[in-house]
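As structure tokens, the structure follows; a few thoughts come after it.
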Amino acid sequence: QPQQKDYDDLCSLPDLNEKTLLENLRNRFKQEKIYTYVGSILIVINPFKFLPIYNPKYVKMYDNHHLGKLEPHIYAVADVAYHAMLQRRKNQCIVISGESGSGKTQSTNFLIHHLTA
């Protein structure tokens, strides 16, 4: 079976329905692409293992970039919120939601890591 194209933003799917959405997430997850956008919303699928995408190289790569310019990443969300706070001079909020064990605490740690870097 040929590899299907994966979309890093679900809004870009040519046919958006539950089946294509889940297939796209599954295909990305199999490639260890755990982050996927839905517009400005970031979907994260917990891989239950460490991936080498949280080092200083990635912190620098996602510094001062717009969402969608690079592969989806939690650092991109943190950076957009940080720069919006600086530009608008207003507090920003990032909502993290999920089931128990889905990785909310780890995602929060990654956000804080990027903001403090």
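The values are calculated or read from the model by the stated rules, or taken from the named source; none is laboratory data. What you are looking at is a predicted structure, and each value in this text was computed from that prediction instead of being measured. Here the Cβ positions follow ideal geometry from the backbone for every residue, glycine too, while neighbour counts run over all protein chains shown. Note: areas computed on protein heavy atoms with side chains; ligands, DNA, RNA excluded. Shrake-Rupley method; radii C 1.70, N 1.55, O 1.52, S 1.80 Å.
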Cα centroids of region 82-117 and region 4-80: how far apart, whole angstrom? 15 Å
Restricting region 1-100 to chymotrypsin sites (Phe, Trp or Tyr not before Pro) in coil, as DSSP defines it, with at most 16 other Cβ within 10 Å: Phe48, Phe50
The chain accessible area per residue, 1.4 Å probe, protein heavy atoms, integer Å², reads 70 Å²
Out of the total accessible area of the chain (probe 1.4 Å, heavy atoms of protein only), what percent is carbon and sulfur? 54 percent
GNM top mover of Pro47, Pro72, Pro56 - the chain, alpha-carbon springs below 10 Å: Pro56
Restricting to Cα pairs below 8 Å that are 6+ residues apart, what does the relative contact order work out to for region 32-89? Please round to a whole percent. 30 percent
Sequence-distant lysines (8 or more away, or on other chains) whose Cα lies within less than 22 Å of Lys104: Lys30, Lys33, Lys49
If you filter region 18-117 for GluC sites (Glu not before Pro), then keep DSSP loop positions with at most 16 other Cβ within 10 Å, what is left? Glu32, Glu99
Based on DSSP H runs of at least 4 residues, each adding -39500 (n - 2.57), what is the mean residue ellipticity at 222 nm of the chain after dividing by all its residues, to the nearest 500 deg cm²/dmol? -12500 deg cm²/dmol
Exposed-loop cut sites defined as trypsin sites (Lys or Arg not before Pro) in DSSP loop states with at most 15 other Cβ within 10 angstrom; longest site-free run of the chain spans 6-48
